[in-house]
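Data first, discussion second: the structure below is written as C-alpha cells.
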Amino acid sequence: MKPKIAIVSASGCRACETTMLDIHYGVSALNRWAEIQFWPFVLGSSMADLERIDHLDVCFFSGAIATGSDRAMAEMLRKKCDRLVAVGACAAYGGMPGLKNLKKPATAEAADRGDLPEELALPEQENRVRALDGVDGIDRVDAVVPGCPAPVNLVWAAVSALVCGGEADARITYAAARLPEEMVRPILSGLGPPPGAVFAGEKAVCATCSRKKEEKRFKAVKRPYQAYESTGRCLLEQGLICQGIATREGCGGLCTGVGVPCRGCYGKPPATFDPGAKMVSAISSTFETEKPAEIQKIADDFVDMTGCFYRYTLPAQCMLMKG
Amino acid sequence: MTMQETTTFEPLKGQDAPCRVRVVPDDGDQRAYLQTTGYLDPADLCIGRAVEELPRILSIRSPAHHLAAARLLDRLFNVEPPDIAKNMRNALGRSLVLCRHLRKLHLLLLDPNDPFPDHRASAKPAGRRAAVAHRRAETVMHALGLAQEAAAILGGRSDHPLTAIAGGVSRFLKDDYYQRLTEIADACLELVLKIEAFFREDLLNEGGPLHHLSEMEIDPVPTATATEGKIVVKDRSGKVVGDFPPEKTPEKISVRREPWSYLPFASLKNGAAGPDTGEKMPGVFLVGPLARMDNEAETETSETRLTPSDACRAMLADLIRTAERMTDLYKKENFVGPAIRTVPEKMGAEAWAALEGPAGLIVLGATVDGKGIVESIRVVDPIQINNGVRCRIAEAAVAEGLAQNRSHTDIKRRLENSLLLF
C-alpha cells in the first residue's frame, strides 16, 4: 500500500510547497510512490477533510506558525502523522517571517475589528511567529529540510527516504543531495533516516563554498553596496558580513557563488550553539588591529546584527519558551 | 436560488490559506466576502534592516520584488547600472513572467481531485480524460522548468533571486550559460505557442472545460502600469488619463484595510483616473497582464465587461510576447561588457521606484537613516491592488453560480479558477 501523505503550508511564500509539483514533473512521478490525502493549496482540502483522516504516514509542512489556523493545523497534523517533516527555513526555524518578533506585538489592529459580525471573524494572528516545533502541542519534528526555499534535490532526498523507502534511484539521489554518509547509510539499509534527521550537510557552508580563503584578517566592515573585489576571494575576508561560517552546508555555497553573502537560511551547523554568537566571535577574533579606538570604529560599522545573524532563525534561536 | 445561512468556501485552490469566501445573507440577498489572511506586512520585515538587504528580504513577497527593490537602491544611491546589468535584470524579469504565468496555468489545469492522475489509469475510459489533461500539464511544466532554469542562471535562484544589487548585478555570467540561455529562449517560445494554442482552441472556447471563465463578469476598471519609470493610468477604454512618478504614489493611491480581511486594498484617489464613479468600492483598479495589453487589442476583450477568461487570454498573450522578447534578449552580446555594477558614492535619505512585475505594478518607497537603516517602507503591489477586483470577481462567481443553481462544489471550482487569474 502506498504511504498516505499530506503537503501543507502555513504562513510562507509557498516556494517550498510548490517544489513538490516541480519534483513530480521534473524528477519522479509522485503518484507512483504516494497517495496524497491532504493538500489545501492544490487539492483545496479543508480542515474538515483533515479531521476525517484517521492516519497519515508523512506530512511535509512548510511555512511559519503565524496565525491561529496555522497552529491548529500543525497540532492536528502532529497527532495524525507518523512523521512530520519541517520543509524550509520558515517551518524549521521560523524563517524570515520571524523578523516580526523584533517588533512589539500589535494590539491596535485587533481592536479595530471589535464590531465585526461573528461569521466574518478572521483567524487570530499570533503574538509571536514560531517555528513548527515551537508550538506547544508539538514535541518534535521527525525530519528537517532546510533552505529558503528548500531546494528540489534535498526535498527529493527527503521524499525518497521517507516515502519511497529508499527505492527511487536512492544512490544517485543521495549523491546529488550531498548528504553525510552517516545519514545515508541507514536510509539505504532500509532503516530510514535517524530521528530528527536534517537533510543537509554537517559542516559549515565555508566547507563547500568555492571562494578562495587567503588571509583571515578582518580590517573593516564593508556593506554590499560598497566597492569590493569581484574576484573569487572569500567575502568575509573582504570585510563583507557573510554567515557561511555559522551556517549548515547543503546549498553548495549558492549565494556566495553568485557574489552575495550568506545569510544563514540552512540554520546553524550541529557544532554551533548560537549562530549570532559564533559570528561575533569569529569576526572579532580576526580583527587586524589591537587598538581599542580602531576596534570600536570597526564595531560601530556593524549594523542590524540581530536582523542579519538571525535573519532566518530568530524564532527558533531567540525564543526559549514554548506557547 | 438563495442561501439562507452563511456559507463558506474554504480553502481555495491556489490561494494563500487561510483564504475563504463567505456568503452572508443580507436582506433577502447575499453578499460574498473574499477574506484573506495575506502575508506579513512588509514593514514588519524591513524596518530596522540595512537598506541593501531589501532586494533579498522583499523577494519572499514575489521574485519581482527583488528587482523592484534593486531599482529602489539605484534611486537611493543615485546610480545608473551599466547596460549589461540592466540587460541581466531585464532578462531575469522576463523569465519571472514565464514562471509566474505558467505556474498559474498549471494550477488551472491540475485535476481538482487528484493533482497527479496515474498514467496507468489511462487504459480505463474514466481515466483517459485525466491523462490528456496530465499531458498538457506536463507541457506547461516543461516550459516552467526551462523558465526556472533561466531565472536560476540569471538570478542565482528562481524563487528568491539574489543577484540584483545596488547599481547593477553581483556577478558576470559564466561562459557556459550564454549558449544555454539561447537554447532556453528558443525552446520556451516553441512551448508557449503550443500552450497558447491548446488553451485557446480546446479549453477556453465554447464547450471547453474552462468556458465557465467567460460566464462571470464585472464592470471593467481603470488599469495601471509602470512605463519608463512612471505610473501610467488608463481608463476603461484604454485611454491614458494620468501618469505620475513613483514618489507621488501616496498622493494618488491609497491603501486601506477592511475589517473583514487582513489583506489591504489599494485604490486610486480622486483625480488619479478621472472623476469618481461612485461605485461600491470606489477607486478599484487593476494591474497585470490585462493592464499591459496593448490598446490595439492583442486578444478579444470587451470595454463593457471584464471576465476571468479575458484575464486568461491576456496572460497567454503576455506569455507569447515575453517569450518572443526573450529570444532577442538572451544573446551573448547583451550579457558581456566591461562592468556589472556602478559603485555608489553617496546615499540619499528617501527613494521611490516602480517596476512592471509579472503580476503587475510594484511601487516601493523607503526612507533610511544616516547609516542606511530602513526607517519606513511603503509597498504597493499587485497583491493589494488586485484585491478589490478579486473581491468583485468572487461576488460575481457566487452570484452567477447561485443564479444557475450550481452545486457548492461547482461554485467553489469556479471561484478557485477565476481568482487564480487575477
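Where a number appears in this text, it was derived from the coordinates with a stated rule and is not lab data. All values derive from a computational prediction rather than experimental measurement. When we count neighbours, we look across all protein chains shown, and the Cβ atoms used for this are built from the backbone with ideal geometry, even at glycine.
Descriptive notes on the structure:
- Exposed loop sites here mean GluC sites (Glu not before Pro) with a DSSP loop assignment and at most 15 other beta-carbon atoms within 10 Å; chain A contains its longest site-free run at A:1-123.
- With θ taken as phi - 60° and the Karplus curve 6.51 cos²θ - 1.76 cosθ + 1.60 applied, the whole-hertz 3J(HN,Hα) list for the range A:42-54 is 9, 8, x, 5, 9, 4, 5, 4, 5, 4, 6, 7, 6 Hz, x standing for glycine and proline.
- Under the combined filter of DSSP loop state and at most 11 neighbouring Cβ atoms within 10 Å, the range B:133-232 retains these GluC sites (Glu not before Pro): B:Glu206, B:Glu228.
- Mean-position separation - Cα centroids, the range B:220-249 and the range B:181-197, in angstrom: 31 Å
- Across q = 0.14 Å⁻¹, the range A:4-198 modelled as identical point scatterers on its alpha-carbon atoms has Debye log10 I(q)/I(0) values of -0.78, in the order of the q list.
- When both the range B:10-50 and the range A:1-58 are represented by their alpha-carbon centers, they are found 22 Å apart.
- Using R0 = 51 Å, the C-beta based FRET efficiency linking B:Glu228 and A:Phe273 works out to 0.45.
- If you model the range A:205-318 as an ellipsoid using its alpha carbon gyration tensor, with each semi-axis the square root of five times an eigenvalue, the axes come out at 21, 18, 13 Å, biggest first.
- Trypsin sites (Lys or Arg not before Pro) within the range B:193-275, DSSP loop, no more than 15 other Cβ atoms inside 10 Å: B:Lys239, B:Arg257, B:Lys269
- For the range B:193-244: rounded, prolate or oblate by the Cα gyration tensor [a/c cutoff 1.5]: oblate
- Normalised contact order of chain B, rounded percent, pairs of Cα under 8 Å and 6 or more residues apart: 24 percent
- Estimated Rh, the range B:131-191: Kirkwood, alpha-carbon pairs, angstrom: 12.9 Å
- Backbone N atoms of the range A:232-263 closer than 19 Å to the 7 Å Cα→Cβ label point of B:Lys174 belong to residues A:232-235, A:250-262.
- Working note: Cα gyration tensor of the protein assembly as shown, eigenvalues times five, square-rooted, sorted largest first, giving semi-axes of 38, 32, 27 Å.
- Gyration tensor (Cα) of chain B, equivalent ellipsoid semi-axes in angstrom: 35, 28, 19
- Across the range A:205-318, C-alpha contacts under 8 Å between residues 6 or more apart give a mean separation that, scaled by the residue count, equals a relative contact order of 28 percent.
- Around A:Ala15: net Lys/Arg minus Asp/Glu count, Cβ-Cβ under 13 Å: +1
- Summed side-chain charge close to A:Ile298 - residues other than A:Ile298 whose Cβ falls under 10 Å, Lys, Arg +1, Asp, Glu -1: -2
- Cβ neighbours within 10 Å from other chains - mean over A:43-51: 4
- Simple point charges give the picture: +1 on the Cβ of Lys and Arg, -1 on the Cβ of Asp and Glu, and for the range A:205-318 a dipole about the Cα centre of about 240 debye.
- Pairwise Cα inverse-distance average, inverted: Kirkwood Rh of the range B:168-228 (Å): 16.0 Å
- If a spin label sat at a point 7 angstrom from the Cα of B:Arg256 along the line to its beta carbon, the backbone N atoms of the range B:223-237 nearer than 20 Å would be those of B:223-224.
- Highest mobility in the GNM of chain A, judged by mean-square fluctuation with C-alpha springs under 10 Å and restricted to A:Val159, A:Val87, A:Val258, is found for A:Val258.
- Using the Cβ of A:Gly26 as centre and a radius below 13 Å, the other residues enclosed give a net charge of -3, where K and R count +1 and D and E count -1.
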